[in-house]
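Data block below; observations after.
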Amino acid sequence: MESNITGTLAKLCSELSDHAQQPVQYSLPIGEHRIALNPYLGQTISLAHTGNIFCSSCGKKTKKSYSQGHCFVCMKKLASCDMCIMKPETCHYDAGTCREPEWGEANCMVDHYVYLSNTSSLKVGITRHSQIPTRWIDQGATQGLPIFKVKTRYISGLIEVELAKHIADKTNWRTLLKQDGEPLALEEQFKKLLPLVEATIADIQAQFGEDAVEILGNEITPIAYPVEQHPTKIVSHNFDKNPVVTGQLQGIKGQYLILDTGVINIRKFSSYEVTFNPQ
C-alpha cells in the first residue's frame with residue numbers, strides 16, 4: 001500500500017470492465033503517481049491539502065483555482081475555459097472569435113455524441129466521440145445510450161438544448177450518491193423523444209448537410225460502481241474549509257469518494273497539492 005504520496009490532484013481516472021457486473025476500476029492521480037483506489041475500499045484513508053495550488057496549464061502557484069484547476073490568467077485566455085464549453089450552443093468559432101482556433105478545431109470541430117443516461121433519473125448530455133464511456137462514468141451514470149452522432153460540438157449543443165425542454169440536462173448529485181437509480185428503458189425513452197426534435201434535426205441538416213446528424217441505435221452500456229455503502233445523509237468535504245479529509249472509504253462513484261465522514265468531489269479540487277496516506 002502506498003503512503004506519504006504528495007502531488008497535485010487531477011480528476012479520478014476510471015476503467016470500465018468488460019463484464020457488466022464488475023465495478024469500475026478507479027485510480028487517483030497525485031502528481032506523477034496513480035494510486036489504485038479499489039483496494040482501499042473498507043479502509044481508512046487521508047488526504048491532506050498542503051495549502052498549495054498549482055495551475056494545471058501553466059504550473060504557476062495560484063491562491064485560487066478557477067475552472068477546475070486553472071489560475072485566473074489561464075482561465076481567461078484558454079478556449080477550454082470559455083463559456084461555450086459549458087453551453088456549446090453558444091460556440092463562436094465561426095465568428096472568428098475563438099480564443100484558440102487550433103484547439104477548437106481539434107476538440108470542437110470533431111464528432112460528438114448526444115446521449116441519454118441514467119444518473120438516478122433520465123438525463124441528456126453530450127460528449128466528444130473519444131469520451132464514451134468516460135463521460136458517463138465521471139457523471140456517475142449507471143446506464144448510457146448514444147442517440148445521435150453529430151459533426152461538431154455546436155450541433156450537439158443545439159440538439160441538447162431542444163431535448164432539455166423535455167428531460168433534465170443536469171444531475172442531482174446528492175440523489176446520485178444516495179442510491180443507484182432503477183434501470184431505465186433508454187431505447188423506449190429515445191423513441192418517445194425523437195419526434196420532439198425531428199424539426200430541429202431537419203433544420204440542422206438543411207444548414208450543415210445531411211451527414212451533420214446521424215441517428216443511432218446502439219445498445220445500452222450498463223455501469224457498476226465500487227460502492228459498499230451509500231450515504232444516507234450527504235456531508236461534503238471542502239479543502240478550503242478543512243485541509244485534512246479522513247475517513248473510511250465506502251465507495252467511489254462519478255468523481256466522488258464516499259467516506260464514512262462525508263463525500264469529496266476530486267475533480268472540484270484539481271490542481272490542489274495534497275498528501276495521500278492510508279491509516
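With r defined as the distance between the Cβ atoms of Ala224 and Met86 and R0 fixed at 41 Å, what FRET efficiency is calculated, to the nearest 0.05? The partial results should precede the final answer.
Values: r = 29 Å, r/R0 = 0.70.
FRET efficiency, Ala224 to Met86: 0.90.
Using a 10 Å cut-off on Cβ atoms, rank the peptides 141-152, 6-17 from the highest mean neighbour count down.
Details: 141-152: 22.2, 6-17: 17.9.
Taking the mean over residues of other Cβ atoms within 10 Å, the ranking is 141-152, 6-17.
Order of 221-228, 166-173 by packing, highest average Cβ count within 10 Å first?
On the way: 221-228: 17.9, 166-173: 14.5.
Ranking, from highest mean packing down: 221-228, 166-173.
Could you calculate the FRET efficiency of Asp211 with Lys60 from 1/(1 + (r/R0)^6), where r is the beta carbon distance between them and R0 is 35 Å, rounded to 0.05?
Values: r = 43 Å, r/R0 = 1.24.
Working from the Cβ atoms, E equals 0.20.
Looking at (i) 16.9; (ii) 15.1; (iii) 14.3, which value of mean projected area of the Cα convex hull in nm² comes from a calculation on the structure shown?
Among (i) 16.9; (ii) 15.1; (iii) 14.3, the one calculated here is (ii).
Got the relative contact order for the chain handy, in percent, Cα pairs under 8 Å and 6 or more residues apart? Write down the numbers at each step before the final one.
Details: 576 pairs, mean separation 83.5, N = 279.
After rounding, I find 30 percent.
Express in nm, to one decimal, how much length is gained between Thr261 and Asn4 on full extension, taking 0.36 nm for each residue of separation and deducting their alpha carbon distance.
Working: separation 257, 0.36 × 257 = 92.52 nm, distance 2.09 nm.
That works out to 90.4 nm of additional length.
To the nearest 20 debye, what charge dipole does the chain have about its Cα centre, counting +1 at the Cβ of each Lys and Arg and -1 at the Cβ of each Asp and Glu? Intermediate results must be reported in sequence, preceding the final value.
Numbers: 27 positive and 29 negative charges, 262 e Å.
Value, rounded to 20: 1260 debye.
Please report, in Å, the Rg and the Dmax of the stretch 7-100, where both are computed over Cα atoms only.
17.7, 53
Which distance in nm do the two modelled labels at Glu182 and Ala106 give, with both placed 7 Å along the Cα-to-Cβ direction?
4.6 nm
Only the coordinates and a few stated rules stand behind these numbers; no lab work does. Predicted model, so just to flag it, every value in this text is computed and none were measured. When we count neighbours, we look across all protein chains shown, and the Cβ atoms used for this are built from the backbone with ideal geometry, even at glycine.
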